[in-house]
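The values are calculated or read from the model by the stated rules, or taken from the named source; none is laboratory data. Predicted, not measured: the structure shown is a model, and the values here were computed from it. Glycine also receives a Cβ, built like all others from the backbone with ideal geometry; neighbour counts cover every protein chain displayed. All accessible areas refer to the heavy atoms of the entire protein, side chains included, with ligands and DNA or RNA removed. Shrake-Rupley method; radii C 1.70, N 1.55, O 1.52, S 1.80 Å.
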Amino acid sequence: IIQIGAVLVDESRKLTQQFNRLVRPEYGRVDSFIEELTGISQDAAEDAPLLADALDAFSQWLPEGDVTAVSWGMSDKAQLQKELSKKGIRMNAMDQLFLHWIDGQKMFVQKVGVQYPCSLAWALAAAGIGSGEKAHDGLADAYHTAVLLTRIV
């Protein structure tokens, strides 16, 4: 994990806040493939906090009460759970978030009736939502997933 990007959507489906934090790799480096995919270089991540500190800031940013996480597919949740386990990081806020996690891609497919799986870029184009942002940027993906799903739900 080299970035945590999230947006808050309130009960009226309005995007209210955003969170964006780079994460310094604890083991290894950001290689050229990942840099090309995400736009995040090793230099950019060098001064970022480690995962535990970034997640602590994220947990403090989350509002009190029940929060539902939505991601495009379930790979983000799986990767986060895997890294927390491997690094021995335990956070109650993250445990609660894992209990309330929704696959936005699956939701989109069910609502619209298209082939599963489909990319976020494809879904945005199909819904007539432009994305001037590069795919695989954590904040841009969170924002576009939220915009897309608030329109179809």
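In this structure, is Glu64 open to solvent by 60 Å² or more (accessible area, probe 1.4 Å), without any contact (Cβ under 8 Å) to a residue 12 or more places away in the chain, part of a loop (DSSP other than H, G, I, E, B) and closer than 22 Å to Arg21 by Cα? It is true that Glu64 is open to solvent by 60 Å² or more (accessible area, probe 1.4 Å), without any contact (Cβ under 8 Å) to a residue 12 or more places away in the chain, part of a loop (DSSP other than H, G, I, E, B) and closer than 22 Å to Arg21 by Cα. Per the listing Gln18, Gln81, the residue uniquely at pLDDT 95 or above, surrounded by 13 or more Cβ atoms within 10 Å (Cβ to Cβ) and assigned to a strand (DSSP E or B) is Gln18. Screening the candidates Ser32, Ser41, Ser71 for the property of being among the hydroxyl-bearing types (Ser, Thr, Tyr), touching a helix residue (DSSP H, G or I) at 6+ places or on another chain (Cβ under 7 Å) and more than 24 Å from Gln105 (Cβ to Cβ) yields one hit, Ser41. Scanning segment 98-125 for residues that are under 15 Å from Thr150 (Cα atoms) and not β-branched (Val, Ile, Thr) returns Asp103, Gly104, Gln105, Lys106, Met107, Phe108, Gln110, Lys111, Leu120, Ala123, Leu124. Within segment 50-58, the presence of a residue that is free of Cβ contacts under 8 Å to residues at least 12 places away in the same chain and of a type in the set (Gly, Ala, Ser) is excluded. Checked against the criterion of being touching a residue at least 12 places away in the same chain (Cβ under 8 Å), in a helix (DSSP H, G or I), under 27 Å from Ala123 (Cα atoms) and not aliphatic (A, V, I, L, M), segment 90-102 has at least one qualifying residue.
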